[in-house]
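Peer 1: Take this structure, written in structure tokens, and hold onto it; I'll ask about it next.
The values are calculated or read from the model by the stated rules, or taken from the named source; none is laboratory data. Everything quoted here is computed from the prediction, not taken from an experiment. Here the Cβ positions follow ideal geometry from the backbone for every residue, glycine too, while neighbour counts run over all protein chains shown. Accessible surface areas use protein heavy atoms only, side chains included; no ligands, DNA or RNA. Shrake-Rupley method; radii C 1.70, N 1.55, O 1.52, S 1.80 Å.
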Amino acid sequence: MSPVGWLVLLLPALLRRGSSGVAAAGKVPAVIVFGDSSVDTGNNNFIPTIARSNFWPYGRDYADGLPTGRFSNGRLATDFISEAFGLPPCIPAYLDTNLTIDQLASGVSFASAATGLDNATAGVLSVITIGEQLQYFREYKERLRIAKGEAEAGEIIGEALYIWSIGTNDFIENYYNLPERRMQYTVAEYEAYLLGLAESAIRDVHSLGGRKMDFTGLTPMGCLPAERIGNRDNPGECNEDYNAVARSFNGKLQGLAARLNKDLPGLQLVYADTYKILASVVDKPADYGFENAVQGCCGTGLFEAGYFCSLSTSLLCQNANKYVFFDAIHPTEKMYKIMADTVMNTTLNVFL
């Protein structure tokens with residue numbers, strides 16, 4: 001996320017009907033990801049920032065039990081989405097120099113934990129801006145062309161699924177945490193500013209050949225454990241003002257998607273709703289097999305994330321599958337899987 005711009009996938013425009021009338025997945029040779037900690041698979045490991053998770057207990061339940069730079073105990077939603085397309089089950093980080101372009105050809109993440117659409121958000125913890133992520137994508141496209149040839153590289157770029165999961169940090173790390181943007185913008189004006197930045201980024205990828213895109217909406221960010229404990233009006237409860245902002249932003253994001261689909265030739269941009277499923281789980285966690293939706297698994301579960309989780313391992317929960325959140329900001333692997341499965345199943349049902 002993010003924190004949290006959380007990610008999952010809707011694919012309505014990406015499905016085709018076969019002659020039998022049953023929906024079949026369209027050709028997706030790669031999943032290409034932009035965003036924040038909800039989709040950063042390890043890029044921040046390679047830059048000078050404290051916004052990292054390449055240490056235990058992160059990755060505790062990953063395939064080999066080792067940290068990867070993912071802000072969770074295991075895989076992220078994008079990893080499950082990649083696997084659902086028959087692609088590798090884990091999306092690699094672009095800045096990992098141990099990987100070849102061939103290993104990145106079927107999927108890559110340019111995401112950076114703690115970033116946002118607003119460059120000022122990225123500046124808080126000195127992480128990769130969205131503009132820099134787009135520049136890495138241009139570099140990636142050229143590397144693909146050299147390695148695969150014009151035709152194959154063009155097919156990968158043109159048929160890939162582009163996932164955006166970003167925006168939560170702009171509010172909880174920047175707007176509500178620092179004074180500058182609040183002095184410049186009302187909440188509605190800041191939403192409009194962020195949506196303009198999102199539109200610019202989408203147009204950039206479209207101009208570079210991207211056509212199939214998913215932009216993930218904000219989750220109920222007021223229900224993150226860290227935001228509950230920071231809720232001055234009602235400590236321990238969800239910050240409903242923050243949740244209202246998330247819903248407002250999401251509504252405007254859907255409008256942006258509809259407009260850009262009309263404006264940009266060949267664009268298939270879908271909005272991914274992750275708000276409803278996470279809100280439902282937080283409201284009735286037992287219905288989804290969870291015991292705790294208020295605290296994270298690491299530390300006290302109230303404020304720890306990143307390095308603070310590594311300093312409080314004596315308090316680490318024994319079974320992360322009982323928790324909605326792994327730290328005070330980020331979901332567990334189980335929650336990411338539920339989010340991915342729920343949205344993809346909804347999409348497939350819509351297109352039957």
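Peer 1: If you put +1 on each Lys and Arg Cβ and -1 on each Asp and Glu Cβ, how big is the dipole of the chain around its Cα centre, in Debye rounded to 20?
Peer 2: Rounded to the nearest 20 debye, it is 640 debye.
Peer 1: Along the charge dipole of the chain, which of GLN184, ILE163, THR49 sits closest to the positive end, that is, farthest toward it, with unit charges on the beta carbon of Lys, Arg, Asp and Glu (+1, +1, -1, -1)?
Peer 2: Value computed over the given set: ILE163.
Peer 1: When the helices in the chain are scored as -39500 (n - 2.57) per DSSP H run of 4 or longer and the sum is shared across all residues, what 222 nm value do you end up with, to the nearest 500 deg cm²/dmol?
Peer 2: Rounded to the nearest 500, the figure is -11500 deg cm²/dmol.
Peer 1: Pull up all non-local amide H partners of MET213: gap of 5 or more, or a different chain, and H-to-H distance under 5 Å with H placed in the peptide plane.
Peer 2: Amide H neighbours of MET213: TYR162, GLN268, LEU269, VAL270.
Peer 1: Moving on. Can you give me the Cα centroid spacing of region 72-111 and region 258-303 in angstrom?
Peer 2: 20 Å
Peer 1: Can I ask one more? Picking from ASN292, ILE130, GLY306, whose Cα lies most toward the positive end of the charge dipole for the chain (charges on Cβ: Lys, Arg +1; Asp, Glu -1)?
Peer 2: ILE130
Peer 1: Given VAL270, ALA246, LEU76, which one lies farthest toward the positive end of the charge dipole of region 31-276, if we put +1 on the Cβ of every Lys and Arg and -1 on the Cβ of every Asp and Glu?
Peer 2: Comparing the listed Cα positions along the dipole, VAL270 ranks first.
Peer 1: Related question: Taking amide H positions as placed 1.01 Å from N in the peptide plane, with prolines and chain starts having none, which residues 5 or more places from GLY296, or on another chain, fall under 5 Å of its amide H?
Peer 2: Here GLY301, LEU302 satisfy the definition.
Peer 1: Can you give the charge dipole size of region 68-198 about its Cα centre, rounded to the nearest 20 debye, using +1 on the beta carbon of Lys and Arg and -1 on the beta carbon of Asp and Glu?
Peer 2: In debye, rounded to 20, region 68-198 gives about 160.
Peer 1: Mind checking region 225-330 for trypsin sites (Lys or Arg not before Pro) that DSSP puts in a loop (not H, G, I, E or B) and that have at most 16 other Cβ atoms within 10 Å?
Peer 2: Answer by residue number: ARG232.
Peer 1: Then there's this: Fully extended, how many nm does the chain gain between GLU150 and ASP233 (0.36 nm per residue separation, minus their Cα-Cα distance)?
Peer 2: Length difference between fully extended and current span is 24.1 nm.
Peer 1: Would you calculate the separation in nanometres between label points at GLN254 and LYS276, each defined as 7 Å from the Cα along the Cα-to-beta-carbon direction?
Peer 2: The two pseudo-label positions are separated by 0.8 nm.
Peer 1: What FRET efficiency comes out for the pair ASP283/PHE46, r = Cβ-Cβ distance, R0 = 45 Å, nearest 0.05?
Peer 2: 0.70
Peer 1: Do the alpha carbons of any pairs in LYS27/LYS252; LYS212/LYS262; LYS148/LYS337; LYS284/LYS322; LYS276/LYS322 sit beyond 23 Å of each other, and which pairs?
Peer 2: Violating the 23 Å Cα-Cα cut-off are LYS27/LYS252; LYS148/LYS337.
Peer 1: Tell me, what is the per residue accessible area of region 204-352 in Å², probe radius 1.4 Å?
Peer 2: Spelled out: the 1.4 Å probe surface of region 204-352, per residue, equals 43 Å².
Peer 1: Identify which of GLN318, GLN268, GLN133 has the largest mean-square fluctuation in a Gaussian network model of the chain, with springs joining Cα atoms closer than 10 Å.
Peer 2: Looking only at GLN318, GLN268, GLN133, the largest GNM fluctuation is found for GLN318.
Peer 1: Still on this model: Under 4.7 Å Cβ to Cβ, no partner at all: give me those cysteines from the chain, in residue order.
Peer 2: Cys with no partner Cβ under 4.7 Å: CYS90.
Peer 1: Right, here's the next one. By the gyration tensor of its Cα atoms, with a ≥ b ≥ c the square roots of the eigenvalues, what is the shape of region 168-260: rounded for a/c under 1.5, prolate for a/b over b/c, or oblate?
Peer 2: Cα axes put region 168-260 in the prolate bin.
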